[in-house]
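See structure below.
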């Protein structure tokens, strides 16, 4: 579990603002819900094995509840609760705090925030294209490019058809897909042994590994066509990559048949985003889940979504030197010379705040030199000194801490247009708009 000190909160808010801005520009609406949810919702989606990973308890009413490990069951419950009253298609997003009791490792904590994006009511792969476009827009907004990250894309239906085409018994599919999902994380020798443990014949394992190394759709199309199996999954992938070209994000994406997303509820296109160097866990992942909402009573609704966590992306940005050095914003820091000038300081700072300027003041008595040091610590753009002799002439003293230059300005002239006195700042004008 994490504490967020003010400097860490600035970074977190900066990241969340990039997520929100991208989602909003792409037409997604934000939703939220309680962090405590019915335990049975997570069991319904993921099976009884999820219970060991939950922070769960019995509440005072005798109900089994849990801190949410993810947002999808809550999202499904909310959709189901409205029945058919929600106009489709819908595009929703949330930034949810999630909790999962599991072994911690690099990029994985027991608490994290996740940006969730979902499109409901669109059976076409336009939904997946839109999801990838908004996620990559956010990555670009964070300073990353196609040289830094790659999105690997496949199709659950494709792998199912391949397993059928290779005569691998259907009762072994779940286990085999789980092994395929480990590719890149375990050696091929280990995966070979795991495949054999699933009673997959060695010739089929050899052919399957050969297919997993393919970089184009052609070998899959040829296999499926030769065996008289549906080629719809290949056609969907080809269509999606055409859309990605139109979106201008094709350079980020590659066909990777070993991406299967271990969760069984995925029904179509699946994808995961990684750093190009392979140093970190997945940045985001998701895909199509056309049957999941029906489990929660929402009816058969074609759906696609993705989850994008805050931990891995910050690790990547930190390594690449892309995390900004954010400081609190103070436009004006007011310093009353003594207690006699404090009431005037209160009046002045309030007028600045009401005009939209970020303003603070020296709350405790301090000598002028110490007060100026405090203004420098806060990185105030301008210090406003309220000095007794100048106040008698209705003057304020503006000091630039970097240059040490001072300017005596009539109070009403200053308060009529405070932003004018910030316009030569390196950050540009700072005024309420």
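The values are calculated or read from the model by the stated rules, or taken from the named source; none is laboratory data. What you see is a predicted model, and the numbers here were worked out from it, not measured in a lab. A quick note on method: Cβ atoms are made from the backbone with ideal geometry, for glycine too, and the neighbour counts reach across all protein chains shown.
Are any residues in region 67-94 buried (at least 18 other Cβ atoms within 10 Å of the Cβ) and assigned to a loop (DSSP other than H, G, I, E, B), and if so, which ones?
68, 69, 70, 71
Quick check: anything in region 31-38 closer than 21 Å to residue 324 by Cβ and touching a helix residue (DSSP H, G or I) at 6+ places or on another chain (Cβ under 7 Å)?
No; the residues of region 31-38 include none that is closer than 21 Å to residue 324 by Cβ and touching a helix residue (DSSP H, G or I) at 6+ places or on another chain (Cβ under 7 Å).
If we keep just the residues of region 215-250 that are outside any helix (DSSP H, G or I) and over 20 Å from residue 267 (Cα atoms), which is nearest to the chain's Cα centre (by Cα)?
249
Check off (1) within 29 Å of residue 315 (Cβ to Cβ); (2) touching a helix residue (DSSP H, G or I) at 6+ places or on another chain (Cβ under 8 Å); (3) not in a helix (DSSP H, G or I) for residue 254 and give me the number that stays unchecked.
The failed condition is (2).
Going residue by residue through region 54-66, is there one that turns out to be assigned to a strand (DSSP E or B), modelled with pLDDT of 90 or more and closer than 20 Å to residue 121 by Cα? Walk me through how you get there before you give the answer.
Of region 54-66, the ones assigned to a strand (DSSP E or B) are 55-58, 64-66.
Filter again for modelled with pLDDT of 90 or more, leaving 55-58, 64-66.
From what is left, the residues that are closer than 20 Å to residue 121 by Cα are none.
No, region 54-66 has no match at all.
Taking region 313-368 on its own, how many of its residues are under 27 Å from residue 114 (Cβ atoms) and in a helix (DSSP H, G or I)?
7
Just one of (1) more than 16 Å from the chain's Cα centre (by Cα); (2) within 20 Å of residue 138 (Cα to Cα) trips up residue 94, so point out which.
Among (1) more than 16 Å from the chain's Cα centre (by Cα); (2) within 20 Å of residue 138 (Cα to Cα), residue 94 violates only (1).
Looking at region 95-184, what helices (runs of 4 or more DSSP H) fall wholly within it and have at least 2 residues that are at pLDDT below 95 and either in the same structural domain as residue 201 (by TED's automatic domain parsing) or within 30 Å of residue 202 (Cβ to Cβ) (or both)?
Passing ranges, in order: 156-165, 173-180.
With 287, 297, 268, 325 as the choices, which residue is more than 18 Å from the chain's Cα centre (by Cα) and on the phi > 0 side of the Ramachandran plot?
297
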